[in-house]
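Chemist: Right, I'll just put the structure down here and ask away after.
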């Protein structure tokens, strides 16, 4: 049985909690792309709060950004606005969102070479996790496997930030967890894609 860094009960509870919001947005005929852009802006502000050292505020903004990340997809499906371009737009904004968050953290920890290196490694893992999936699916291989995908990354980073008021080291631990497991996820996806379709294209 695969290891889960976020339990299914947590996911189900979260989805149940935001369903009324999704229904309300659908009733108001809000376009999913507007929610996607809102999520991006929240991530930009989260990055700024990280830079200023206001980790609790940054964590709350990350939670709100994560809610937008789920809502845009639910809204697109419930209002028949789902499209290939919408999926591309959503994924692209997600990558920018992560970039701004990590840039804020790097700016805050800029005086620590170790932390900067760790954050760059974390950002690389986040980007590679998404890239391997996109590249694999472009080759016709379903690649949604992995121990730490975007929802898990957001959960650990936001929790680390919100609870950092108890002890600043909690944020460092959260970053370390995301760094290790996001890169493991990228490797898992590379191996999975090789096993599933490594022989279908000699250029793969």
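Chemist: Considering Cα pairs under 8 angstrom that are at least six residues apart, work out the relative contact order of the chain and quote it in whole percent.
Modeler: 23 percent
Chemist: Among 163, 50, 100, whose mean-square fluctuation peaks in a Gaussian network model of the chain (Cα, cutoff 10 Å)?
Modeler: Top of the fluctuation ranking is 163.
Chemist: Considering the chain as a Gaussian network with a 10 Å cut-off on Cα pairs, which listed residue, 168, 22, 97, attains the greatest mean-square fluctuation?
Modeler: Comparing 168, 22, 97 in the GNM, the peak value goes to 168.
Chemist: Turning to a different aspect of this structure: In whole Å, how far is the Cα centre of segment 127-188 from that of segment 1-77?
Modeler: 16 Å
Chemist: Between 99, 165, 181, which gets the highest mean-square fluctuation from a Gaussian network model of the chain, Cα cutoff 10 Å?
Modeler: Comparing 99, 165, 181 in a Gaussian network model of the chain, the most mobile one is 165.
Chemist: Mind giving me the FRET efficiency for residue 54 and residue 187? R0 is 35 Å, r the Cβ-Cβ distance, nearest 0.05 is fine. All intermediate terms of the calculation are to be shown ahead of the outcome.
Modeler: On the way: r = 34 Å, r/R0 = 0.98.
Computed FRET efficiency for residue 54 and residue 187: 0.55.
Chemist: When the label point is put 7 Å from the Cα of residue 34 along its Cα-to-beta-carbon vector, which residues of segment 83-112 have a backbone N closer than 12 Å?
Modeler: In segment 83-112, the label zone of residue 34 (backbone N under 12 Å from the point 7 Å along Cα→Cβ) covers no residue.
Chemist: Using a basic spin-label model with each label point 7 Å from the Cα along Cα→Cβ, how many nm lie between residue 124 and residue 5?
Modeler: 1.7 nm
Chemist: Another question, then. When a/c reaches 1.5 or more, the comparison of a/b and b/c decides; with that in mind, is the chain rounded, prolate or oblate per its Cα gyration tensor?
Modeler: Here the chain falls in the oblate category.
Chemist: Report the extension gain between residue 110 and residue 95 in nm, rounded to one decimal, defined as 0.36 nm multiplied by the number of residues separating them, less their alpha carbon distance.
Modeler: The residue 110-residue 95 span can extend by a further 3.2 nm.
Where a number appears in this text, it was derived from the coordinates with a stated rule and is not lab data. Keep in mind that this is a model prediction, so the values were computed, not measured. As a convention, Cβ positions derive from the backbone with ideal geometry for all residues, glycine included, and neighbour counts pool all protein chains shown.
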